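The block underneath contains the structure these notes are about, expressed in structure tokens.
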Amino acid sequence: MRNLTRNPLDRAWLILIGLTLLTTAIAESRALTTVSVTLISLIVIVKGRLIIREYMDMKTAHAVLYWALNAYMVLFSAAMLIIFIIT
């Protein structure tokens, strides 16, 4: 297990698995409220940032591209949350 946590990609993978399990537990609770959907949206943003940073290797890319991808993710998650609230 020690070797698994030394590699940044392996650490990111473990975090992504944990966040996915947490999201699944929240979604399967049968009580999708605005709070739970907000929490899921925040988890999606964290997962997306982790994927962009570690797997797409955008931490070395141009800052405009890096922040544009992050902004897209935040705006898309916010739009989905707004759609959930108004429907």
With +1 on each Lys and Arg Cβ and -1 on each Asp and Glu Cβ, how big is the dipole of the chain about its Cα centre, in debye rounded to the nearest 20?
220 debye
Any trypsin sites (Lys or Arg not before Pro) in the chain that lie in a DSSP loop and have at most 14 other Cβ atoms within 10 Å would be Arg2, Arg6, Arg30
How far, in nm, would the chain grow between Ala79 and Ala63 when pulled straight, counting 0.36 nm per residue and subtracting the alpha carbon separation?
3.4 nm
Note to self, the chain gives a 222 nm [θ] from helices alone (DSSP H runs n ≥ 4, -39500 (n - 2.57) apiece, / all residues, nearest 500) of -24000 deg cm²/dmol
Counting pairs of alpha carbon atoms under 8 Å apart in space and at least six apart in sequence, what relative contact order in percent does the stretch 8-86 give?
35 percent
Going residue by residue through the stretch 54-69, the Karplus relation 6.51 cos²θ - 1.76 cosθ + 1.60 with θ = phi - 60° gives ³J(HN,Hα) values, rounded to whole Hz and with x marking Gly or Pro, of 8, 8, 8, 6, 7, 5, 9, 7, 4, 4, 5, 5, 4, 6, 5, 5
Out of these labelled values of semi-axes √(5λ) of the Cα gyration tensor in Å, [x] 22, 14, 11; [y] 51, 15, 11; [z] 26, 20, 5, which was calculated from the coordinates shown here?
[z]
Stretch gain in nm, segment Met56-Thr20, where the contour uses 0.36 nm per residue and the Cα spacing is subtracted
11.1 nm
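None of the figures in this text is laboratory data; all of them are computed from the coordinates on show. It should be emphasised that the depicted structure is a prediction, and the values quoted were computed from it without experimental measurement. Every residue, glycine among them, receives a Cβ derived from its backbone with ideal geometry; neighbour counts consider all protein chains shown.
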